[in-house]
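The values are calculated or read from the model by the stated rules, or taken from the named source; none is laboratory data. Quick caveat: nothing in here was measured; it's all calculated off a predicted structure. Counting neighbours? That spans all protein chains shown, and the Cβs are built from the backbone with ideal geometry, glycine included.
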Amino acid sequence: MVEKVQHFQHYGTGFRILICVFIIAFICQVMVQNAEAAVNDTSEEVFLNPEWLYAEFSEINTGNAVLYRAEENRKDVVIGLNAGHGTEGGALVYTYCHPDKSPKCTGGTTEEGAIQSYAVSDGMIFHNGETEADANLLVAGKLKEKLLDAGFDVLMIRDDANVQLDNVARTVICNNVADCHIAIHFDSDGLDYDKGCFFISVPDGLKSMRPVSFNWKPCDSLGRLLVDGLVDQGFFLYEDGYVPIDLTQTSYSTIPSVDIELGNQSTVLNDEVIDRYAEGLLEGIQVFFSEKYSEGKSGKSL
Ligand SMILES: [Zn+2]
């Protein structure tokens, strides 16, 4: 042993420094790996379970959502955030508009009377050339941060530019994993001015169809609270803040579910505006769940 120590000392200061650098680098690497493991402990990939109600109506479902868990002030409430669009090839495949295969009762991306519509449409392009899909993801990402800070868990249906989950799969995953489903969009209306925010309310023609028949009231309540929150952040509403449209999302939803349209292709986005969108939506979500649980519909309290 003494010989070995002496032998080591013979290598000189430079060699010993080199050895020390290697050891420190190794320790740092282990620490980084442990930190990454800690982050992964708070998130989980979520795939479509083919056994879930309506899962068989999905055509694109090889991708996955990600469930993020709040670390502090946990409320045990999962908010499903669906950054609209962002599925490569989604407009080449069709799914049934309704689980009973009845025709659409309003126009929209697909015309009234259609039995099937795009699995996921492409979304619009802003006047500045940015895509709606990117903008939706920016708002969803900011809202996710705020929700986690507030103690909500967040199910991110789409976490990057492309997720292979169609609108049916997105909705069915939210139905089974989340307590509500909020799809973030900007409208494509061809106008050269920003007409304001609104949510897609449930059209009368859908209110007798299952599962909408027992779910449309909380959907519209959540939508109203979301636009109220946006108004509190200084945004203005398009007309009364809602437009009834027959959506695939609504037609397959069994939990409170809203498509919120934050603006249109003329909306100018920057960090400050995105932050205010997220703040307004957070307020609406907080009010919705505090009202829901104060009504005694759940043992949960916020
Ligand atoms: Zn959209």
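The set of residues from region 105-117 being under 24 Å from the mean Cα position of the chain (by Cα), of a type in the set (S, T, N, Q) and assigned to a loop (DSSP other than H, G, I, E, B) comprises Thr109, Thr110.
Looking at region 189-209, which of the residues that are crowded, with 17+ Cβ neighbours inside 10 Å and under 17 Å from Leu262 (Cβ atoms) is nearest to the ligand (Cβ to nearest atom)? Among those residues, the one meeting the criterion is Ile200. Among residues of region 82-108 that are among the basic types (Lys, Arg), those with a beta-carbon under 8 Å from a residue that is surrounded by 15 or more Cβ atoms within 10 Å (Cβ to Cβ) and not in a loop (DSSP other than H, G, I, E, B) at least six positions away or on a different chain give the pairs Lys104/Ser117.
Do we find that Arg69 is touching a Gly at 6+ places or on another chain (Cβ under 6 Å), in contact (Cβ under 8 Å) with a residue 24 or more places away in the chain and away from the ligand (no atom under 12 Å from the Cβ) in this structure? In short, no. Residues that are buried (at least 17 other Cβ atoms within 10 Å of the Cβ) and of a type in the set (Phe, Trp, Tyr) were ranked within region 85-141; the one that is nearest to Asp187 (Cα to Cα) is Phe126. For the criterion of being of a type outside the set (Phe, Trp, Tyr), surrounded by 24 or more Cβ atoms within 10 Å (Cβ to Cβ) and more than 16 Å from the chain's Cα centre (by Cα), Leu237 fails. So, of the residues in region 97-119 that are touching a Lys or Arg at 6+ places or on another chain (Cβ under 8 Å) and within 15 Å of the ligand (Cβ to nearest atom), which turns out to be farthest from Arg276 (Cα to Cα)? Ranking the qualifying residues of region 97-119, first place goes to Ser117. Pairing each residue of region 118-131 that is part of a loop (DSSP other than H, G, I, E, B) with any residue that is of a type in the set (Phe, Trp, Tyr) and more than 12 Å from the ligand (Cβ to nearest atom), provided the two are 6+ apart or on different chains, yields C-beta distances under 7 Å for Ala119/Tyr94. Within region 252-302, the set of residues being small (Gly, Ala, Ser) and at pLDDT 95 or above comprises Ser253, Ser257, Gly263, Ser266, Ala278, Gly280, Gly284.
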